[in-house]
1. Local charge sum around residue 161 (other residues, Cβ-Cβ under 10 Å, Lys/Arg +1, Asp/Glu -1)?
2. Filter the chymotrypsin sites (Phe, Trp or Tyr not before Pro) in the stretch 203-253 to those in DSSP coil with at most 14 other Cβ atoms within 10 Å of their Cβ, and list the result.
3. Within the chain, what's the longest stretch lacking trypsin sites (Lys or Arg not before Pro) that sit in DSSP loops with no more than 12 other Cβ atoms inside 10 Å?
4. Could you work out [θ]222 nm for the chain from helices alone, using -39500 (n - 2.57) per DSSP H run of at least four and dividing by all its residues? Round to the nearest 500 deg cm²/dmol.
5. Can you give the Rg to Rh ratio of the chain, both from alpha-carbon atoms, with Rh computed by the Kirkwood formula?
6. Taking the mean number of other Cβ atoms within 10 Å as a proxy for protection, how do you rank 172-179, 67-74 from highest to lowest?
7. What percent does the relative contact order of the stretch 3-247 come to when contacts are Cα pairs within less than 8 Å and at least six residues apart?
8. Where does the charge balance sit around residue 215 when Lys and Arg score +1, Asp and Glu -1, over other residues with C-beta under 15 Å from its C-beta?
Amino acid sequence: MNWRAIWAIYRFEMARTGRTLLQSIVSPVISTSLYFVVFGAAIGSRIQEIDGVPYGAFIVPGLVMMLILTQSVMNASFGIYFPRFVGTIYEILSAPVSFLEIVIGYVGAAATKSIILGVIVLITAGFFVPLHIAHPFWMIAFLILTAVTFSLLGFIIGIWADGFEKLQVVPLLVITPLTFLGGSFYSIDVLPKFWQVVSLFNPVVYLISGFRWSFFQASDVGIGVSIGMTLFFLAACLVTVWWIFRTGYRLKN
């Protein structure tokens, strides 16, 4: 394993975050905090509790997960697309660096940025509502697994996209709607039976449900199912990335 190459890619991507601090860190945190203030104040005054949890605290895991999902995809997709756009990807591919090391460098940096954002939002939420993490280990596990999984998805999107417009299509038209419909601000138990069944086809439901369980021990689906679905999605992304490098899809032409 060429750790020096991994560190070089990782450090370069993290340095880019430092150069665009306002866009990379400050803006997502402010926008997520506004969600918390608006939904917590406007809806929280009408909905006191869900599953025995004050509504203001109930939405915190959903907001953190929404930020992790969108930022992981956007960071990783732009991180790999920009070298393709300017042509420096060929220098990386011709260097004595394996495909695995390239993926670890780019995905690791994107996941790290998302985790930092998630932690900042958690700390910020603690000033507004009392937070108690019932299972810290599983909270960290879901945080890392989700960040890595969706960074891999973003990596795939960054290779698939042939223009800056396509980089925005999946995060804006797929990830964000699925997150809003995945129980970020509500429990799917409040939905009619038909829509509860439909919601179970939304993979984001399992991520948010498992993450929320680590805080309040309340979830829409079993914790085992949440973990299983998360690992399944991670495996699917890994297989797709392996196929991309195996075939050279959009990399060698």
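Values in this text are rule-based calculations from the coordinates and carry no lab data. These figures come from a predicted structure and were not determined experimentally. Cβ atoms come from the backbone with ideal geometry, glycine included; neighbour counts cover every protein chain shown.
1. Within the 10 Å Cβ shell, the charges total +1.
2. 249
3. 47-251
4. That calculation yields -23000 deg cm²/dmol at 222 nm.
5. We get a ratio of 0.99 for the chain.
6. Highest-to-lowest ranking by the protection proxy: 67-74, 172-179.
7. So the answer I get is 26 percent.
8. Its environment carries a net charge of -2.
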